[in-house]
Amino acid sequence: MAVENGDRVELISAGGILSMIAGVCLAAAGAALALATAYELELWQPDMPYLATLGSLLPADTGMPVFIGAVVVAVVGVVAVVAGAVLVNRSSYAMALEEQGFTDGISGLRHGGTSTTPPSAFATTTQGGVSSGATRPASELRGPATIRAGSATVIEAPRPVGSVSRAALETGAASGQRQESQTAEVTTRTSRAQVESLDDKRLERVNAGFCTRRVPRGDMRTLVTGDVRPRAGDIVLARVEKVRQHRRLELPSGRKVRLEPGDEIVLACGNRYAADQFEGFVPERLGTCQLIAAGGLAAAEAGRARTMKAATEIALLGLVADTSGVPLNLMSYALPAPQVEGKRPPVLVVFGNSMSSGKTTTLRFLTRGLTAAGFKVGYAKLTGTGAGNDYFGVLDSGAWAVVDFTDAGLASTYRTPVSVLEGTSLNLIGHLINRGCDRILVEIADGLLQTETAGLVKSPVFRTLIDRALFSGVDPMSAVAGVRALSEQGFEVAGVSGLLTASPLPLREAKEACDVPVWTKEELADPKTASTIVVYRTPSREAHSGGVLERETVERGEQRTGESRESVKDVA
């Protein structure tokens, strides 16, 4: 059975008290025996009548070995008393720290249970302008979400969205593991940590990265420095040391500001997976590390593509904390688990064979087509690294509402357990439904072989949320392999698009090789075509022997467009 931090401190305190009691008993018994033996051996005979009485109780053959043993017992007792006192003192210090938000006298700071000012919810552009809501601290992010597809499928998500052990975020726990903790934690040697105030004038000069957009400036009141260890999602204050690959920082507004040595910036710690750029991991300590993504991700660079310069070097000055000195973490500002009523609209997901395969471009033009057809399009990016390019690109294409994993408390999703990503999917899709979207588009970053993407592809929870899939490929071979892989996992593949459609030759080869339609971005922007793509999954479908859907299967899905539109009207 696991022992919680608070229980561990209490056990240490109890052990110290027992050690002191035992030590006093041993020391007293040993001292009495040593004095009595010394009296009988005539080593020391002070005028103390009780010593003669004690000496008479000793055996007649009492000698020097008994005296030496008594002295040893007394010394052991004194050592036990001292050790017990040290344990009690340390446990009392740890308890005092815990009241200030520290979880273990030597190991960590607690994020949960603090009083923070909830930030305004993410803004989503609607036909009426900008709408906003409210967020809640992590302690309130509980409750099931139920989403119904059509009138039959019911999905229940009892696990809280974004609920994840901080250790699991660092090491990447098994996909089936269910996480219970709602708090974000950071390990630190508290005896060597200091807390200093952050004044408003200093904060006014600081730019914050896109990843931190849900954290209000008003909550940034102190800075935890010293021998502390950041964890994924922690908000940090950093100073630019050497400007290299990333010369600009993307702000929550989407604007990119130029960086200069000496600039102080607010970032979020996280892991990064980007095959064309960098791989990096949460720094083990404050000090030198790298700005590994323009959206404001701080990490220790582990590797980079040959086309990349070295990552911009930064120095982590401390963990940004609240007035009590408790570090701020993105998980505390995640959207609450939604309570969804009514039918789930059609949901289409776009996968790709790698990053930069044209997934976001595919979704932008599909958004244009659906919007022109009169639908309210919701877009959710479920995996990747926090950045505004995709977020604002789809919003500019006419999306009714846009969310991404940073709204679920994640700066990035690399090394995040699949169970957490399942919850994130339920959370964000549920929020899009509650905002009135009648067509939902989902983007999964990177390629099908990337660890988290592969986990979602195999996830029964995720597949139940999805009606159809599009595959975005860079060449015909990747398109054939991608369609087959998705079909074998039970996805209804609606078609192929992506970078391969930018040239006539690969476009022609893909059309000849794939048993599903291949669409250019211009075709996706056509209202009629877009309307036939994003529909509910067919009730029954036949798979090709090689795993690629037959063309007549897609045609049957297209015939359901009118029925799907009526269902959407009912939801609206």
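Any read-out appearing in this document is the output of simple, stated calculations on the displayed coordinates, not a laboratory observation. All of these numbers come straight from a predicted model, not from anything done at the bench. Note: ideal-geometry Cβ built from the backbone for every residue, glycine included; neighbour counts use all protein chains shown.
With charges only on Cβ, +1 for K and R and -1 for D and E, what is the dipole size of region 471-536 about its Cα centre, in debye, rounded to 20? Show your work: numbers first, answer last.
Numbers: 5 positive and 9 negative charges, 16 e Å.
Dipole size: approximately 80 debye.
Quick check for me: using +1 on Lys/Arg Cβ and -1 on Asp/Glu Cβ, what's the dipole size of region 393-531 about its Cα centre, in debye to the nearest 20?
180 debye
Here CYS211, CYS437 are placed in order of increasing Cβ neighbour count within 10 Å, fewest first, which gives CYS437, CYS211. Under 26 Å Cα to Cα from LYS343, which lysines show up? Leave out anything in the same chain fewer than 8 places away. Qualifying lysines at Cα under 26 Å: LYS376, LYS381, LYS458, LYS528, LYS569.
What translational D, rounded to a whole number of µm²/s, comes out for region 343-571 from Stokes-Einstein when the hydrodynamic radius is the Kirkwood one over Cα pairs, at 37 °C and 0.692 mPa s?
Details: Rh = 17.1 Å.
After rounding, the answer is 192 µm²/s.
Region 194-248 and region 280-306 have Cα centres spaced 15 Å apart. On the principal axes of its alpha carbon atoms, region 341-404 extends 33, 25, 21 Å, with the longest extent given first.
Cβ neighbours within 10 Å, averaged per peptide: list 251-260, 454-463, 17-26 in order, most packed at the top. Walk me through the numbers on the way to the answer.
Numbers: 251-260: 14.4, 454-463: 18.4, 17-26: 16.3.
Peptide ranking by packing, descending: 454-463, 17-26, 251-260.
Shown here: region 187-328, whose C-alpha atoms stretch 44, 31, 25 Å along the first, second and third principal axes, sorted largest to smallest. For a straight C-alpha distance cut-off of 27 angstrom, the lysines reachable from LYS309 (same-chain residues fewer than eight places away being disregarded) are LYS242, LYS256, LYS359. The dipole here belongs to region 276-393: it is taken about the Cα centre, uses +1 on the Cβ of Lys and Arg and -1 on the Cβ of Asp and Glu, and is about 580 debye.
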